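Here the structure comes first, spelled out in structure tokens, and everything after it is commentary.
Just so it is clear, none of the values below were taken in a lab; they were calculated from the coordinates. Predicted model only: the values in this text are computed from it and were never measured. Cβ placement follows ideal geometry from the backbone for every residue including glycine, while neighbour counts extend to all protein chains displayed.
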Amino acid sequence: MNKYIKLVIAALLIGIGIYMMFFTRELGWGIVIFLLSAFPIFLFFKNENILLAFWQFRKQNMPKAAKFLGNITNYKTQLHRSQYGYFHYLMGLTFAQDSPKKVEPYMKKALEYGLNMKQDRAMATLNLAATAISQGRRQEGQKLLEEAKKLDTAGMMTDQIKMMKEQLKMPSMQKHMHNPNMRQRGKFF
């Protein structure tokens, strides 16, 4: 649903509430309808599909979270600008387990649009570091890991950061595969 339709619904509810209170003298129902207009205003700033996707992420139900995110067909018309980053963040998290190569563009856009919480920014940079390390961009991965460590003020991701730093210390086996002499070293001596 377009985000501006929610504002029109809220305006109609406010109008009906005022009509009920002043013209029909139904003060109780007018106040109830007037208070009900707060829901469409709240849903203008916080999209219901993103709220339901967050709920499914907390329950570790990734397919349902992806289904709720799939309901958002055009994020620029359906979401408020403050939620663009979280839409891309959640899309990146849904792809994190199945296809890690698709995570990087979503996390970059999420950081570009902005995430409100430091933990979310830390998680996004940690995912970017993981994809950079897996693609062989060690220096970029190290910089992103340091940035994620700075953003992780609560210490929730210290174990993952330590594990990725240990992974960075391990030598890359791809360098030796290109040298044919390195493959046979020790084979005949």
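Structure notes:
- Too-long pairs where the Cα-Cα distance tops 26 Å, listed order kept, from Lys67/Lys109; Lys6/Lys118; Lys109/Lys143; Lys6/Lys67; Lys3/Lys101; Lys64/Lys150: Lys6/Lys118; Lys3/Lys101; Lys64/Lys150
- Dipole check for the chain: with +1 at the C-beta of Lys and Arg, -1 at the C-beta of Asp and Glu, and the Cα centre as origin, the magnitude is about 820 Debye.
- Debye intensity ratio I(q)/I(0), log10, the range 1-45, q values 0.18, 0.25 Å⁻¹ (C-alpha model): -0.47, -0.74
- Among Ser37, Ser99, Ser134, sorting on how many other beta-carbon atoms sit within 10 Å of each Cβ, with the fewest leading, yields Ser99, Ser134, Ser37.
- The translational diffusion coefficient of the range 1-111, from Stokes-Einstein at 20 °C and 1.002 mPa s with a Kirkwood hydrodynamic radius over alpha carbon pairs, comes to 137 µm²/s.
- Crossing angle, helix 118-134 versus the chain [Cα axis fit, 0-90 degrees, rounded to tens]: 30
- Here the Karplus curve 6.51 cos²θ - 1.76 cosθ + 1.60, taken at θ = phi - 60°, turns the phi angles of the range 32-46 into couplings of 4, 5, 4, 6, 5, 5, 5, 5, x, 5, 4, 6, 5, 8, 10 Hz, with x standing for Gly and Pro.
- Reach of Lys59 by Cα under 20 Å, taken over aspartates and glutamates that are not fewer than 8 positions away in the same chain: Glu48, Asp98, Asp120
- In degrees, nearest ten, helix 48-58 long axis to first principal axis of the chain (Cα): 50
- Which labelled figure in [x] 20.9; [y] 19.9; [z] 16.2 is Kirkwood radius over Cα pairs in Å, once derived from the coordinates: [y]
- Relative contact order of the chain, taken over Cα pairs closer than 8 Å and 6 or more residues apart, is 12 percent.
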